[in-house]
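Asker: Right, I'll just put the structure down here and ask away after.
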Amino acid sequence: MDTNELISHSRARFDHHQAKIVLREKYQAKLTFAYGGGMWRAGPELLTVLTVCPDESAVLLDLYETPVNVDIRELELAAQQRWQEQMNAWLVEHEELHKNR
Amino acid sequence: MKQGVLLFAFNNEQIDYLAMAAWSARNIRRHLDLPTCVVTDVADIPVTYQFDQVVTVDLQPTEQTRYFKDYKSVGTWHNKNRSNAYELSPWDHTLVLDVDFVVASDQLKRLFNIDQDFLAHRWAYDIAGHQAFQDNNWFGTYRMPMSWATIMCFRRSKKAELIFNTMQMIRDNWTHYRQLYQVSEHTFRNDYALSIAMNVVDGHTLSTPSIPWQLASVTPETKLTQVDPDTYKIEYESSDSKPKWLLLKQDFHAMGKRALGEIVANPC
């Protein structure tokens, strides 16, 4: 048995701080979605813009700064669904982190 | 529009890239449900390797070598065919993946929904959080922004064709471009060629569209093992020199070929 390896293994700790950063990056990627020929990231910023839009349609800039004519309610629904689905998954993984030593 | 994944696999003295490609092809089928095509110089592909298409090419003679940190030795690096991806791809919409990119989710499917002719990663980060890795996001004395060739997604289009043609020009005149961009490394890297080519094609505006998330990377200094088919464990020393570990349930670029080779040889 390699005693040094055993000691090193027993001293190793789960990196909670880094795990949170990695999870954040992972879910930032998962929050992206395509709609109406544009690419969007579901999140408070997009949802707020969509909520305050009074009209049925509007021209919004997507992640590539491309203006896209969108159906506000359709995009809002798609963003809301993506947001909830991924935030729930994020929460589940986040809670799993606490179980690790 | 026909879509698929193109892999390049040229074995060297230490690394069985073809075995990695076969393992990757299985992950691609499982998560992305896309056909794979491998470009290789190996004439007899083992029957257990299930690629949808195989393109056999003659290996271009190269004196190019690279130091593989995890093997602690220098090996031949056959990386000059990557810029031929446009001609070699059998598809209209192609995802070119490094065989050391681990597909553990359906994340890459999103790339096919993006209305861009060519996409690659602008930013990569070290999953273990070492800040020094950030320097890899630029290269040369003038800190040219790096575009990573690990993942390239392109549609048959004038722009994609121009980018690949420019990459070939840079590859064939690497000494000149190396001096122009003041790159200290002698070794030709596709990342450099891609970065320069994308910027040239976009009129030197440094405003090239990129993949809208960062490239997660596991460096050769980090110990990598597989826990289950889509979960990996990394062990590393944190910046305050303490041993740490993490579990990964996501796609990532495994930069250490030795660890990945062991996973491929003994998969969960």
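Asker: Using all alpha carbons of the protein assembly as shown, what is the percent of pairwise distances in each 20 Å bin, ordered from the shortest bin to the longest?
Answerer: Whole-percent P(r) values from 0 Å outward: 27, 58, 15, 0.
Asker: I need the peptides B:235-242, A:92-99 ranked by packing, meaning the mean over residues of other C-beta atoms within 10 angstrom, with the highest value on top.
Answerer: Top to bottom by mean Cβ count within 10 Å: B:235-242, A:92-99.
Asker: Work through the residues other than residue B:18 whose Cβ is under 11 Å from its Cβ and net out their charges, Lys, Arg +1 and Asp, Glu -1. If you can, show how the numbers build up before the last one.
Answerer: Details: positive: none; negative: B:16, B:41, B:44.
Here the charged neighbours net out to -3.
Asker: What does the charge add up to near residue A:5, with Lys and Arg as +1, Asp and Glu as -1, over the other residues with Cβ less than 12 Å from its Cβ?
Answerer: My count for the surroundings of residue A:5 gives 0.
Asker: Now for a separate question. For A:11-22, what's the mean count of beta carbons from other chains sitting within 10 Å of each residue's beta carbon?
Answerer: Mean shielding count: 6.
Asker: Further question on the same structure: Which value in deg cm²/dmol, rounded to the nearest 500, describes the helix-derived mean residue ellipticity at 222 nm for chain B, given -39,500 (n - 2.57) per DSSP H run of n ≥ 4 and division by the residue count?
Answerer: -7000 deg cm²/dmol
Asker: Give me the percent relative contact order of chain B, please, defined on Cα pairs under 8 angstrom at least 6 residues apart.
Answerer: In percent, rounded to a whole number, it is 20.
Asker: Let me see the P(r) profile for chain A: every Cα-Cα distance counted, bins of 5 Å, each bin given as a percent of all pairs.
Answerer: 2, 11, 18, 17, 12, 10, 8, 6, 5, 4, 3, 2, 1, 0, 0
Asker: Can you put B:142, B:181, B:192, B:86 in order of Cβ neighbours within 10 angstrom, beginning with the fewest?
Answerer: So the residues, fewest neighbours to most, are B:142, B:181, B:86, B:192.
Asker: Hey, got the average number of other protein chain Cβ atoms within 10 angstrom for residues in B:239-248?
Answerer: That works out to 5 on average.
Asker: Tell me, what is the FRET efficiency for residue B:179 and residue B:135 to the nearest 0.05, using R0 = 22 angstrom and their Cβ-Cβ distance as r?
Answerer: Here the calculated transfer efficiency is 0.55.
Asker: For chain B, give me the percentage of DSSP beta bridges that are antiparallel, rounded to the nearest 5 percent. Don't skip to the answer; put the middle values down first.
Answerer: Numbers: 28 of 47 bridges.
Around 60 percent antiparallel, to the nearest 5.
Asker: Still on this model: If you average the sequence gap of Cα pairs under 8 Å that are 6 or more apart and divide by the length of region A:36-101, what percent do you get for the contact order?
Answerer: Relative contact order, region A:36-101: 32 percent.
Asker: May I pose another question? How far apart, in nm, are two points set 7 Å out from the Cα along the Cα-to-Cβ line at residue A:51 and at residue B:92?
Answerer: Computed distance between label sites residue A:51 and residue B:92 equals 4.1 nm.
Asker: Let me ask something else. Highest mean first, what order results for A:45-54, B:103-112 on Cβ atoms within 10 Å?
Answerer: Ranked by mean Cβ neighbours within 10 Å, highest first: B:103-112, A:45-54.
Asker: Alpha carbon centre of region B:161-201 versus region A:57-94: separation in Å?
Answerer: 37
Asker: Mind giving me the FRET efficiency for residue B:200 and residue B:58? R0 is 35 Å, r the Cβ-Cβ distance, nearest 0.05 is fine.
Answerer: The computed FRET efficiency comes out at 0.80.
Asker: Using a basic spin-label model with each label point 7 Å from the Cα along Cα→Cβ, how many nm lie between residue B:241 and residue B:30?
Answerer: The two pseudo-label positions are separated by 4.0 nm.
Asker: Another question about this same structure. Count the net charge of all other residues whose Cβ sits under 11 Å from the Cβ of residue B:234, scoring Lys and Arg as +1 and Asp and Glu as -1.
Answerer: -1
Asker: Sticking with this one: Measure up A:26/B:109; A:30/B:249; B:80/B:159 against 19 Å on the Cα-Cα distance and list the ones that go over.
Answerer: From the list (A:26/B:109; A:30/B:249; B:80/B:159), the Cα-Cα distance tops 19 Å for B:80/B:159.
Asker: Can I ask one more? So for the protein assembly as shown: antiparallel DSSP bridges make up what percent, rounded to the nearest 5?
Answerer: 65
Asker: Quick one: grab Rg to one decimal and Dmax as a whole number for chain B, Cα atoms only, in Å.
Answerer: Cα only, chain B: 17.7, 51 Å (Rg, Dmax).
Here, each number is a calculation from the coordinates, and none is a lab measurement. Given the structure is predicted, the values throughout are model-derived calculations rather than measurements. Here the Cβ is made from the backbone with ideal geometry for all residues, glycine too, and neighbour counts use every protein chain on show.
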